[in-house]
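One structure below.
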Amino acid sequence: MADYLPFHVPDIDDDDIDAVVGVLRSGWLTTGSKARQFEQEFAAKVGARYAVALNSCTAALHLALEAIGLSEGDEVIVPTMTFAASAEVVTYFKAKPVLVDCVPTTLNIDPDLVERAVTPRTKAVIPVHFAGQPCDMTRILEIARRHGLRVIEDAAHAFPASYKGRAIGSIGDCTCFSFYATKNITTGEGGMVTTDDPEWADRIRRMSLHGLSRDAWKRYTNQGSWYYEIVAPGFKYNLTDMAAALGLSQLHKAERFWKTRERYAALYAEGFRDLPEIAPLATRDEVQHAWHLYAIQLDPDRLRITREEFIERLQHKQIGCSVHFIPLHLHPYYRRTGGYRPEDFPVASRAFTGMVSLPLYSKMAESDVHRTIAAVRELVLEVRR
Ligand SMILES: *Cc1c(COP(=O)(O)O)cnc(C)c1O
């Protein structure tokens with residue numbers, strides 16, 4: 001019997017390990033020259049003027065909202081089809097995340113619903129590039145401009161991606177990336193904010209290190225001094241040089257990782273094309289999709305089993321799967337505080353019942369993709385109506 005194919009395995013090679021060991025041997029473990037180099041190379045890669053490395057995308061979203069001056073009572077528009085982090089950061093300010101539904105074909109935030117959710121209290125919108133496919137940024141930017149909103153992109157899935165030829169990271173006011181263990185490039189835990197605004201970049205950097213005056217991180221080097229000032233009560237969100245060295249070596253391979261993902265996604269699309277029981281998400285022409293996830297939607301009317309059973313039976317066929325995401329409006333906290341009902345978000349509620357994410361990562365072999373396709377096809381034939 002074939003080995004179990006995990007849903008995800010990070011793509012770590014000897015060069016990544018050597019990069020981290022090099023930092024361990026250097027005597028400088030925390031934020032330093034590797035973090036600076038990672039920021040500079042990442043900013044250049046996405047075409048942003050500034051990049052600030054942080055210890056998570058959640059921290060990046062938090063500090064981006066802090067930099068734009070979010071305050072108590074403000075509202076921020078967030079898609080319901082996302083991970084916990086995208087909305088919880090809004091509550092850190094005693095501000096209100098206002099959830100909106102998505103477009104059925106891509107599961108990205110619906111710009112019409114963004115427009116309808118705007119009130120005089122709305123300060124920002126957080127588009128999430130679902131699965132790595134950029135949102136309709138032309139419309140989102142246009143709505144934001146008309147209503148004076150800031151656009152903070154949750155690009156946790158979207159590296160490397162682009163929209164109408166512009167890299168994600170160079171479009172919104174601030175863009176937040178994740179280097180969590182399962183993301184397209186990883187530092188174990190880590191994140192990055194990119195922006196073209198020097199004041200926001202400065203503020204984010206300072207608040208990531210206790211709100212200390214500029215360059216406080218140098219205070220233990222020969223260029224630094226023991227002196228610092230606390231300019232604002234900040235947080236502890238800086239990225240270590242061990243993580244940054246891993247990020248740099250991953251960044252240098254990001255293009256190859258992406259090409260593999262894109263190729264595997266095309267194999268999946270081809271492999272399921274003749275099955276009406278399974279619908280892949282649509283891919284729009286004007287985007288470069290980062291292919292963080294390969295999500296399929298099962299048609300419950302054509303199958304004799306539920307999504308839960310479908311995943312269980314794929315596990316028995318040695319294929320690991322997952323679900324992205326349980327929409328926020330279905331969780332107890334958001335039901336309670338937002339008064340949301342499933343029928344308020346018909347697209348996300350319906351999509352959720354049939355969604356399955358299949359393994360998609362550069363460390364898997366092409367034969368693993370074929371094995372997954374074969375297992376899914378076999379299962380569909382067993383359980384179709
Ligand atoms: C992974 C993820 C995050 C959080 O990233 P961390 O680096 O773990 O904080 C945020 N948003 C989305 C959509 C994610 O998938």
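So the values come out like this:
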quantity	calculated
Hey, Arg304 surrounded by fewer than 16 Cβ atoms within 10 Å (Cβ to Cβ), touching a helix residue (DSSP H, G or I) at 6+ places or on another chain (Cβ under 7 Å), in contact (Cβ under 8 Å) with a residue 12 or more places away in the chain and farther than 10 Å from Gly354 by Cβ or not	yes
Residue match in region 22-31 (condition: of a type outside the set (A, V, I, L, M) and under 16 Å from the mean Cα position of the chain (by Cα))	no
Any hit, region 276-289, residues being surrounded by 21 or more Cβ atoms within 10 Å (Cβ to Cβ), within 18 Å of the chain's Cα centre (by Cα) and among the β-branched types (Val, Ile, Thr)	yes
Test: residue in region 334-349 that is part of a loop (DSSP other than H, G, I, E, B) and under 29 Å from Pro10 (Cβ atoms)	no
Residue within region 210-225 that is among the acidic types (Asp, Glu), assigned by TED's automatic domain parsing to the domain that holds Glu75 and at pLDDT below 95 present	yes
Ala48 away from the ligand (no atom under 16 Å from the Cβ), in the same structural domain as Arg203 (by TED's automatic domain parsing) and outside any helix (DSSP H, G or I)	yes
Only listed residue being at pLDDT below 95, outside the structural domain of Pro160 (by TED's automatic domain parsing) and closer than 30 Å to Val380 by Cα, chosen from Ala279, Ala265, Ala269	Ala279
Residue in region 73-88 that is more than 18 Å from Ser56 (Cα to Cα), over 18 Å from the mean Cα position of the chain (by Cα), free of Cβ contacts under 8 Å to residues at least 24 places away in the same chain and outside any strand (DSSP E or B) present	no
Unmet criterion (only one of (1) closer than 21 Å to Arg150 by Cβ; (2) within 16 Å of the ligand (Cβ to nearest atom); (3) among the aliphatic types (A, V, I, L, M)) for Ala84	(1)
Subset of region 329-357 (residues that are surrounded by fewer than 16 Cβ atoms within 10 Å (Cβ to Cβ) and among the polar types (S, T, N, Q))	Thr337, Thr353
Any hit, region 64-72, residues being modelled with pLDDT of 95 or more, in a helix (DSSP H, G or I), more than 16 Å from the ligand (Cβ to nearest atom) and acidic (Asp, Glu)	no
Condition check for Ile109: under 21 Å from Gln297 (Cα atoms), in contact (Cβ under 8 Å) with a residue 12 or more places away in the chain, within 16 Å of the ligand (Cβ to nearest atom) and of a type outside the set (S, T, N, Q)	yes
Residue within region 253-269 that is in a strand (DSSP E or B) and either free of Cβ contacts under 8 Å to residues at least 40 places away in the same chain or of a type outside the set (Lys, Arg) (or both) present	no
Region 291-320 - residue that is within 16 Å of the ligand (Cβ to nearest atom) and in a loop (DSSP other than H, G, I, E, B) and, of those, nearest to the chain's Cα centre (by Cα)	His292
Scan of region 47-84 for residues that are buried (at least 20 other Cβ atoms within 10 Å of the Cβ) and farther than 20 Å from Arg205 by Cα, ordered by number	Glu75, Val76, Ile77, Val78, Pro79, Thr80, Met81, Thr82
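The values are calculated or read from the model by the stated rules, or taken from the named source; none is laboratory data. None of these values were measured; they are calculated from a predicted model. Quick reminder, even Gly has a Cβ in these numbers, built from the backbone with ideal geometry, and neighbours come from all protein chains shown.
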